[in-house]
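Peer 1: I have a structure here, written as structure tokens, and I will follow up with some questions on it.
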Amino acid sequence: MTRLLKPEEAAARLAVSPKAVRAWLREGRLPGIRLGRLWRISEAALERFIAGVGFAQDAPKQAPQVAPEQRTPPRETRSTKGRSKEPPGGKRSH
């Protein structure tokens, strides 16, 4: 039976953060098993990942582009909420 590793153990072997390993698990880039809220990675799957099936070959060269219609509009901040560009009275003083 193959040993199941915690994300922290896999991260140590890959020299990356556990957060990166969990992201790869969620994205499906690194095969793993979900036990409730916990992730486990088999040693065999990790070895295949290291051997080239994983991050070295298919890593994106640059960040993915987001279409303009998918971008979220900027939020109003506390400092800009309810303010207009014109000063009170409607006219700017020179």
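The values are calculated or read from the model by the stated rules, or taken from the named source; none is laboratory data. Just so we're clear, the structure is a prediction, and the values are computed from it rather than from any experiment. So basically every Cβ, Gly included, is an ideal-geometry build from the backbone, and we count neighbours across all protein chains shown.
Peer 1: Can you say whether Leu35 is on the phi < 0 side of the Ramachandran plot and at pLDDT below 95, as far as the supplied structure shows?
Peer 2: So Leu35 passes the test.
Peer 1: Oh, and also: Tally the residues that are charged (D, E, K, R), assigned to a helix (DSSP H, G or I) and modelled with pLDDT under 55, restricting the search to the stretch 43-64.
Peer 2: The number of residues fulfilling the criteria is 1.
Peer 1: Do you know which residues across the stretch 13-37 are part of a helix (DSSP H, G or I) and either of a type outside the set (A, V, I, L, M) or in contact with a strand residue (DSSP E or B) (Cβ under 9 Å, 6 or more places away or on another chain) (or both)?
Peer 2: Those that are part of a helix (DSSP H, G or I) and either of a type outside the set (A, V, I, L, M) or in contact with a strand residue (DSSP E or B) (Cβ under 9 Å, 6 or more places away or on another chain) (or both): Arg13, Pro18, Lys19, Val21, Arg22, Trp24, Leu25, Arg26, Glu27.
Peer 1: A further question follows. Given the structure, is Ala11 surrounded by 11 or more Cβ atoms within 10 Å (Cβ to Cβ), at pLDDT 95 or above and not aromatic (Phe, Trp, Tyr)?
Peer 2: Criteria met by Ala11.
Peer 1: Here is a further query. Among (1) within 22 Å of the chain's Cα centre (by Cα); (2) among the charged types (D, E, K, R); (3) modelled with pLDDT of 70 or more; (4) part of a helix (DSSP H, G or I), there is one condition Arg40 misses while meeting the rest; what is its number?
Peer 2: (4)
Peer 1: In addition: Can you pull out the residues in the stretch 30-54 that are surrounded by 15 or more Cβ atoms within 10 Å (Cβ to Cβ) and not aromatic (Phe, Trp, Tyr)?
Peer 2: Leu30, Pro31, Gly32, Arg40, Ile41, Ser42, Ala45, Leu46, Val53, Gly54
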